[in-house]
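Undergrad: Before we start, here is the structure in question, set down as C-alpha cells.
The values are calculated or read from the model by the stated rules, or taken from the named source; none is laboratory data. Treat the numbers as computed from the prediction; the structure is a model and nothing was measured. Positions of Cβ are generated from backbone atoms using ideal geometry, with glycine treated the same way; all protein chains shown enter the neighbour counts. Heavy atoms of the whole protein, side chains included, go into the accessibility calculation; ligands, DNA and RNA do not. Shrake-Rupley method; radii C 1.70, N 1.55, O 1.52, S 1.80 Å.
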Amino acid sequence: DETVVRTFEELQYSADKIEDYLEAVLQLESVGCKDWLTNKVDRSVTGKVARQQCIGEMQLPLSNLGATAIDYSGIKGMATSIGHAPGIGLVNAAAGAVISVAESLTNIVWAPMTHGIKGISLSANWMWPCRNKGEDARLYEAAKAVSDFACDLGINIPTGKDSLSMTQKYPGGETVMSPGTVIISAGGEVDDVRRIVTPLLIKDVDTYLLHIDLSFDTLKLGGSSFAQIINKLGNEAPTVTDFEYFRNGFEVIQKLIHEGLILAGHDVSAGGLVTTLLEMCFANNSFGVDADLSGLEEQDPVKLLFSENPAVVIQVSELDAVEKILETAGMQFSIIGRPSIERNLKIKVPEQQFSFDIDHLRDVWYRTSYLLDRDQSGEQKARERFENYKKQPLQFMFPAHFIGTDASMNLENPTRTSRAAIIREKGGNGDREMAYSLYRAGFAVKDVHMTDLISGRETLEEIDYIVFIGGFSNSDVLGSAKGWAGAFLYNEKAKKALDNFYARPDTLSLGICNGCQLMIALDLINPGHANKAKMLHNDSHKFESNFVSMDIPENNSVMLKSLAGSRLGVWIAHGEGKFSLPQDEYTYNITGKYGYEAYPANPNGSDHNIAAICSDDGRHLAMMPHPERSVFPWQCGYYPENRKNDEVTPWMEAFVNAQTWIMRQKNT
C-alpha cells in the first residue's frame, strides 16, 4: 500500500467555555451513561458474577472491569476489560492502537491479578476499512505498534478477530469508511474477587486523591471526546512514550491493591480527568471532591480537564505508605484533592476555579441513556427511569441477630438427611447456584430434569424440598413457564408426582423467577382463590436486570419469617415478573415487596409492589428475585460498607430456615 500523510487542523478553543464543553462531552455516547444497555441483560446469571457493570448505592454503570468467580466456595476468579481509541487512531494509527492496549490495562488493573501484568492475555479485534488508499499502511502501523507494546509489556495476544471490510459504498458514489480501530479485550486470573477496586468514592474527608500519569507524554487533545464535540480531530494525539514506565505503573498499582491501600480508583480515558472525578461521585448521593490541578506541569486548563492520556486516579487514606511505595517504584504522582461533604466538584486550575454541581451533571450524563431508552421502553417508562434513578438509592436493614457467618446459623444437619431437589426444564439456567446454596445450608441436593418426572424415573417420594429454578424454560416461546407448566399438566406421571408431593404435610417448595412463574401458572400458592393470580410482562415491555432492595414484612413463611423487618439487596432478572393479583391485598400472604414503588426499583409494575408471595401455611414460596445469586457479599451489586467481614448475606439464613424446618418435621 501507499502511505498517505494526512494532517488535521490544530484545535481552537476557549477556556471561558469549559462548562459548556463539559456538558457536551458528558452527553457523548462514548462518555455518557450506558444504563439503557446494561439493564436489559442478565448480569447475575450463574451466581458467579463478582463484578458487573453497575456500582454503588445508585447502581450506575461505572465499573472499570467485569469479573467472575471460578467457583462458589473460593475467592479466585477471572477479570476482563476492554479498550479502544477510534478518535485517536484517526489522528495517528499507531497511537490509537497503543492507547487501546493501555486503556484495557488501566481498566483491568483494579482487580488483584494473581500473576501481575504477565498473567494477562489480550484479544485484538481489528476493525478496519482496508483496500482504500493508505488504510492498509495505517493498519500495518497500528499492528506493529500493538506488537511492540505487547512484547515490551510481556503480554501475549493469542487470539483476535479481523473485520477488514469496514467500508460502505452508496449509490451516487458516496463512500463511508469506519475509523480504523483495534478493540482490545484483556483477561486474567484474579486472586481475590472480594478485593476488586471500584470507582466508588468512599465518603471520608480524611482521605486523598492521587493522580498517576502512565503515558509519560505531554497532555494532548487530538482524537479526544473534547475534539469530537467541537467537530475536529486535532493534530496531536497522546500515546505511551515509555513502555517500561507504563509496566512499572501497572505493577505498583497492583501492589497497592494487594496491600489494601487503595479505597477507590478510576482510569482517565474517554472524557478526560474531569469526567473521571465526576464519575467517582456519580454512584453516591452525597459527598463531592475538592481538587487542585494547578500544581501539575500542564498549565492549559482545557488540556488538564479533557486530555485522554492514560492515567489513573486513586483514593487512599494511608498517604505516607502509598507515597513511599510510589516513590520507590519511580512513579510520578500528584496529590490533587480530597473528598468533600459538599455535593460539588470544585476544581482549581491555573488562573481559574470551577464548582460543578455533581447531581446536575449526573443528569446531563444520564440523559443520553434516557434518549436511547425511549426507543425500547417507550417515552413513559424511559422518563420514569430518568426521573427516579437518583431517588432510589439502595438502603439496607439487616436482622439484629445476623452476624454474617455460617456458624451463627446453627446448622442441624451434618449428615444431610434433609433432601432437596432442583427441578429444571430445557432452558433453565439457575440450577448451579441454587444447588450450591441448598448444599451450603445443609441439604443433600438432587438434580431432577422434567424428563425424569415425565418418564417416572423420579417420583419425589423421598424428597423433602423442591425448588423450581430460574431461567428461560423452553426459551419462553409460549410465554414464561407456559410450556413448563404444560409439561406437568399434560404428562400423567409428572402430574402425579407433583400432586403427591404437595399433598404431603411435611414438604416445602420454592419457585424463583421462571420457577415463580411456574408456581403461579400451576396455581400452587393460592389454590383456593376463586380469582387466579397471573404473571404478566413487565410494564417496560423488556427484560429487566438490576440489583434492588426488597422489604420483608411480618410473615409466617418458613424461609423468610426470621428475616421479617429486613430490607435486603437482591438480584432480579426477568421479562414477565409482574404479579397480577385480582383479589384484595390482605388475601395474599405477602413475603416481599420492592424497596420503592416506582419504576425502576419496582422493575415490573407488580400489584401492591409485590416481589414474593407464599401459601397460607408458609410452606410454599414464589418470588421473582434471585436470593440464590445474592448469598455472598461479592455476588451483590452493592453491599453495606460497614459489613466488610461478612462471609454470607442474610439470604443464606432463608435456606437454612428451610433445612431446619424439615429436620424438625423428621424429629417429631
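Undergrad: Compute the distance in nm between two label points, each set 7 Å from the Cα along the Cα-to-Cβ direction, one at Asn132 and one at Asp16.
TA: It works out to 3.8 nm between the two label points.
Undergrad: Still on this structure: Cα to Cα, under 16 Å, and not fewer than 8 places away if on the same chain: which aspartates and glutamates meet these conditions relative to Lys324?
TA: Glu251, Glu259
Undergrad: Could you state how much accessible area Arg383 has, in square angstrom rounded to the nearest 10, with a 1.4 Å probe and all protein chains kept in place?
TA: 90
Undergrad: Filter the cross-link list Lys34/Lys391; Lys17/Lys232; Lys144/Lys169; Lys542/Lys578; Lys48/Lys542; Lys303/Lys348 down to pairs whose alpha-carbon distance in this structure exceeds 21 Å. Can you show the working numbers first?
TA: On the way: Lys34/Lys391 18 Å; Lys17/Lys232 16 Å; Lys144/Lys169 29 Å; Lys542/Lys578 12 Å; Lys48/Lys542 24 Å; Lys303/Lys348 14 Å.
Beyond 21 Å between Cα atoms: Lys144/Lys169; Lys48/Lys542.
Undergrad: I'd like to know which of Ile75, Val570, Asn248 lies farthest towards the positive end of the charge dipole of the chain, counting +1 on Cβ of Lys and Arg and -1 on Cβ of Asp and Glu.
TA: Val570
Undergrad: Please check which bits of the stretch 95-109 a label hung off Asp148 would reach, taking the label as a point 7 Å along Cα-to-C-beta and the cut-off as backbone N under 16 Å.
TA: From the stretch 95-109, the list is 95-102.
Undergrad: Put +1 on the Cβ of every Lys and Arg and -1 on every Asp and Glu Cβ in the chain; which of Ala95, Gly637, Ile18 then has its Cα farthest towards the positive end of the dipole?
TA: Sorting the options by dipole projection puts first Gly637.
Undergrad: For Lys76, give me every one of the aspartates and glutamates with a C-alpha distance below 14 angstrom, ignoring sequence neighbours fewer than eight places off in its own chain.
TA: Glu189, Asp191, Asp192
Undergrad: Can you compute the FRET efficiency between Asp242 and Val205 using 1/(1 + (r/R0)^6), with r the Cβ-Cβ distance and R0 = 25 Å? Round to the nearest 0.05. Present the calculation step by step, with values, prior to reporting the outcome.
TA: Working: r = 35 Å, r/R0 = 1.40.
Once the sixth-power term is evaluated, E becomes 0.10.
Undergrad: So, in Å, what gap is there between the alpha-carbon centers of the stretch 99-130 and the stretch 496-516?
TA: 48
Undergrad: At a 1.4 Å probe radius, which order do Glu387, Glu135 fall into by accessible area, largest first?
TA: Values: Glu387 85, Glu135 10 Å².
Largest accessible area first, the list is Glu387, Glu135.
Undergrad: Right, another one. What share of the DSSP beta bridges in the chain is antiparallel, in percent to the nearest 5? Present the calculation step by step, with values, prior to reporting the outcome.
TA: Details: 76 of 104 bridges.
Taking every DSSP beta bridge within the chain, about 75 percent pair in antiparallel fashion.
Undergrad: Can you put Arg195, Arg567 in order of accessible area, largest first, using a 1.4 Å probe? Walk me through the numbers before you get to the answer.
TA: Details: Arg195 100, Arg567 45 Å².
I get Arg195, Arg567, largest accessible area first.
Undergrad: Need the full-extension length gain, Ser334 to Arg383, defined as separation in residues times 0.36 nm minus the C-alpha distance. One decimal, nm.
TA: Values: separation 49, 0.36 × 49 = 17.64 nm, distance 4.11 nm.
Length gained between Ser334 and Arg383: 13.5 nm.
Undergrad: So, with a 1.4 angstrom probe, what is the percent of accessible area on the stretch 1-91 that is carbon and sulfur? Provide the component values of the computation, followed by the final result.
TA: Values: 2160 of 4150 Å².
Carbon and sulfur: 52 percent of the exposed surface of the stretch 1-91.
Undergrad: May I ask you to list the residues of the stretch 647-668 whose amide nitrogen lies under 19 Å from a point 7 Å from Cα along the Cα→beta-carbon direction of Asp506?
TA: 657-668
Undergrad: Below 8 Å between Cα atoms, with a sequence gap of 6+, how large is the relative contact order for the stretch 42-124 in percent? Could the numbers behind the result be given before it?
TA: On the way: 106 pairs, mean separation 16.0, N = 83.
After rounding, I find 19 percent.
Undergrad: If you don't mind, another one. Compute the distance from the alpha-carbon center of the stretch 1-61 to that of the stretch 311-331, in whole Å.
TA: 27
Undergrad: Return the whole-Å distance between the Cα centroid of the stretch 622-668 and the Cα centroid of the stretch 585-621.
TA: 18
Undergrad: Placing +1 on the Cβ of each Lys and Arg and -1 on the Cβ of each Asp and Glu in the stretch 450-570, which of Ile463, Asn514, Met559 has its Cα farthest towards the positive end of the resulting dipole?
TA: Asn514
Undergrad: Can you give me the three principal axis dimensions of the stretch 48-105 from its C-alpha atoms, in Å, biggest first?
TA: 47, 27, 10
Undergrad: Here are some values of P(r) over Cα pairs in 20 Å bins from 0, in percent: (1) 18, 46, 29, 7, 0; (2) 14, 34, 23, 17, 11, 1, 0; (3) 16, 43, 29, 11, 1. Which one was computed from this structure?
TA: Recomputing P(r) over Cα pairs in 20 Å bins from 0, in percent here picks out (1).
Undergrad: Using only the alpha-carbon atoms, how far is helix 431-440 inclined from the longest principal axis of the chain? Give it as 0 to 90 degrees, nearest 10.
TA: 70
Undergrad: Right, here's the next one. I'd like the chymotrypsin sites (Phe, Trp or Tyr not before Pro) in the stretch 480-520 restricted to DSSP loop residues with at most 16 other Cβ atoms within 10 Å, sorted by number. List each step's numbers first, then the result.
TA: Working: sites: Trp484, Phe488, Tyr490, Phe501, Tyr502; in loops: Tyr490.
In loop regions of the stretch 480-520 (DSSP not H, G, I, E or B), the sparsely surrounded chymotrypsin sites (Phe, Trp or Tyr not before Pro) are Tyr490.
Undergrad: Still on this structure, I have one more. For Asp375, Asp359, what's the largest-to-smallest order of accessible area, 1.4 Å probe?
TA: On the way: Asp375 140, Asp359 55 Å².
Of Asp375, Asp359, the descending order of accessible area is Asp375, Asp359.
Undergrad: Taking N as the number of residues in the stretch 180-229, what is its Cα Rg relative to 2.2 N^0.38 Å?
TA: Working: Rg = 16.8 Å, N = 50, 2.2 N^0.38 = 9.7 Å.
Rounded to two decimals, the normalised Rg is 1.72.
Undergrad: Additional query: Treating cross-link reach as a plain straight distance, find the aspartates and glutamates whose alpha-carbon is under 17 Å from the alpha-carbon of Lys446, omitting any fewer than eight places away in the same chain.
TA: Glu425, Asp431, Glu433, Glu458, Glu461, Glu462, Asp464, Glu628
Undergrad: Provide the packing ranking of 226-232, 632-638, i.e. peptides ordered by the mean count of other C-beta atoms within 10 Å per residue, highest first.
TA: On the way: 226-232: 18.9, 632-638: 22.6.
Final packing ranking: 632-638, 226-232.
Undergrad: With contacts defined as alpha carbon pairs under 8 Å and 6 or more residues apart, what's the relative contact order of the chain in percent?
TA: Working: 1583 pairs, mean separation 94.5, N = 668.
Dividing the mean separation by the residue count of the chain yields 14 percent.
Undergrad: When the helix-only estimate is applied to the chain (DSSP H runs of n ≥ 4, each -39,500 (n - 2.57), divided by the residue count), what is the mean residue ellipticity at 222 nm, nearest 500 deg cm²/dmol? Don't skip to the end; give the middle numbers.
TA: Working: 17 runs with 193 residues, N = 668.
Rounded to the nearest 500, it is -9000 deg cm²/dmol.
Undergrad: Still on this model: For the stretch 332-373, calculate the relative contact order in percent as a whole number, restricting contacts to Cα pairs under 8 Å that are 6 or more residues apart. Display every interim value, and only then the final one.
TA: On the way: 20 pairs, mean separation 10.6, N = 42.
Relative contact order comes out at 25 percent.
Undergrad: Using a 1.4 Å probe on the protein heavy atoms only, what accessible surface does Asp290 show? Give it in Å² to the nearest 10.
TA: 70
Undergrad: Could you calculate the contour length gain from Leu371 to Ile230, that is, 0.36 nm times the residue separation minus the distance between their Cα atoms, to one decimal place in nm?
TA: Details: separation 141, 0.36 × 141 = 50.76 nm, distance 2.14 nm.
Separation in residues times 0.36 nm, less the Cα-Cα distance, equals 48.6 nm.
Undergrad: If you count only protein heavy atoms and use a 1.4 Å probe, how large is the accessible surface of Thr328, to the nearest 10 Å²?
TA: Probe radius 1.4 Å; accessible area of Thr328 about 120 Å².
Undergrad: Just for the stretch 286-365, what percent of DSSP beta bridges are antiparallel, to the closest 5?
TA: On the way: 10 of 14 bridges.
Bridges in the stretch 286-365 are about 70 percent antiparallel.
Undergrad: On full extension of the chain, what length is gained from Asp523 through Glu298, given 0.36 nm per residue of separation minus the C-alpha to C-alpha distance?
TA: Details: separation 225, 0.36 × 225 = 81.00 nm, distance 6.88 nm.
Result: 74.1 nm gained on full extension.
Undergrad: With charges only on Cβ, +1 for K and R and -1 for D and E, what is the dipole size of the chain about its Cα centre, in debye, rounded to 20? Kindly include the intermediate steps, with their values, before the conclusion.
TA: Working: 62 positive and 87 negative charges, 443 e Å.
Roughly 2120 debye for the chain.
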